[in-house]
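Each remark here refers to the structure printed beneath this line.
The values are calculated or read from the model by the stated rules, or taken from the named source; none is laboratory data. Owing to the predicted nature of the structure, the values given are computational and were not obtained by experimental measurement. Here the Cβ positions follow ideal geometry from the backbone for every residue, glycine too, while neighbour counts run over all protein chains shown.
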């Protein structure tokens, strides 16, 4: 997709981008013009806003793409993105997406899910169906944590569906595989490790795999939250944690309005500990500890 950028006019001199990165990466220059284009490009494609403080991060992550494509400069890479190559668009988005996660991260959310929300749903949902969306699932630890809590607390006759989506196709693939290093599950209780993980042997020593019973509860899909959503069903619970911190307030307002429309009346929304809906959306009420309930 071509993106117009008034700062990238032919014949316009490029300005140096401050101190150049050290050692082997110093053969490339990330000019002000190139950085401006990349900021606009990723904002348009993914809704992510990059500040000047992210300049070194952009350099270190995208310089690998320049080498992979054997391009001589960041300017050439920007022109390559402008050409609309879909595969490279995905590589660029994957490179600039931050994926920090862990099993049962922000444990109070899972405590609330287990102790308060699930008992209420078992009382108030005679259809015995539950749909959950992990929006921004990264490498899968969040949806697997959700599925474990659901499997441990809901009766066997409940129909449970968990959708896990992320912008980054590579982390979606990791999540779908459900295989992790032993270090990734050190924070999980011994009881859960024994119940829900298989330990690798031989070539897979030092690895664990989520049991099929849990993997089968989850559908992993790549999804750009900025684009159309193909889901027809509404969700009872949506986890969208530590995602909107990269979005502008206007983008956040639009996103949370769409979440409200995609939820059942009275549905619950979980967001990250550093996020808030204050002056962003009036369609949810705060229940505490970044747990919200849809009110309209």
Problem set entry | Subset of segment 237-250 [surrounded by 18 or more Cβ atoms within 10 Å (Cβ to Cβ) and either at pLDDT 95 or above or over 15 Å from the mean Cα position of the chain (by Cα) (or both)] | 237, 238, 239, 240, 241
For this session: Using the structure shown, decide if residue 144 is assigned by TED's automatic domain parsing to the domain that holds residue 29 and surrounded by 16 or more Cβ atoms within 10 Å (Cβ to Cβ).
Result: no
Problem set entry | Matching residues, segment 133-185, being within 24 Å of residue 244 (Cα to Cα), in a helix (DSSP H, G or I), in contact with a strand residue (DSSP E or B) (Cβ under 7 Å, 6 or more places away or on another chain) and at pLDDT 95 or above | 142, 143, 144, 146, 147, 172, 175, 176
Exercise. Restricting to segment 205-251, what's the tally of residues that are outside any strand (DSSP E or B) and closer than 19 Å to residue 48 by Cβ?
Worked result: 18
For this session: Check residue 191 against each of (1) under 30 Å from residue 287 (Cβ atoms); (2) touching a helix residue (DSSP H, G or I) at 6+ places or on another chain (Cβ under 8 Å) and name the one condition it does not meet.
Result: (2)
Exercise. Has segment 280-289 got any residue that is modelled with pLDDT under 95, within 23 Å of residue 113 (Cα to Cα) and surrounded by fewer than 20 Cβ atoms within 10 Å (Cβ to Cβ)?
Worked result: yes
Exercise. Which of the residues belonging to segment 186-204 are part of a loop (DSSP other than H, G, I, E, B), under 17 Å from residue 139 (Cα atoms) and free of Cβ contacts under 8 Å to residues at least 40 places away in the same chain?
Worked result: 186
Problem set entry | Residue match in segment 252-265 (condition: in contact with a helix residue (DSSP H, G or I) (Cβ under 7 Å, 6 or more places away or on another chain), crowded, with 16+ Cβ neighbours inside 10 Å, touching a residue at least 40 places away in the same chain (Cβ under 8 Å) and in a loop (DSSP other than H, G, I, E, B)) | no
Exercise. Inside segment 70-90, can you point out the residues that are under 22 Å from the mean Cα position of the chain (by Cα), surrounded by 11 or more Cβ atoms within 10 Å (Cβ to Cβ) and at pLDDT below 90?
Worked result: 89, 90
Seminar exercise, completed: Flagged in segment 91-108 as on the phi < 0 side of the Ramachandran plot and modelled with pLDDT of 90 or more, in numbering order, are 92, 102, 103, 105, 107, 108
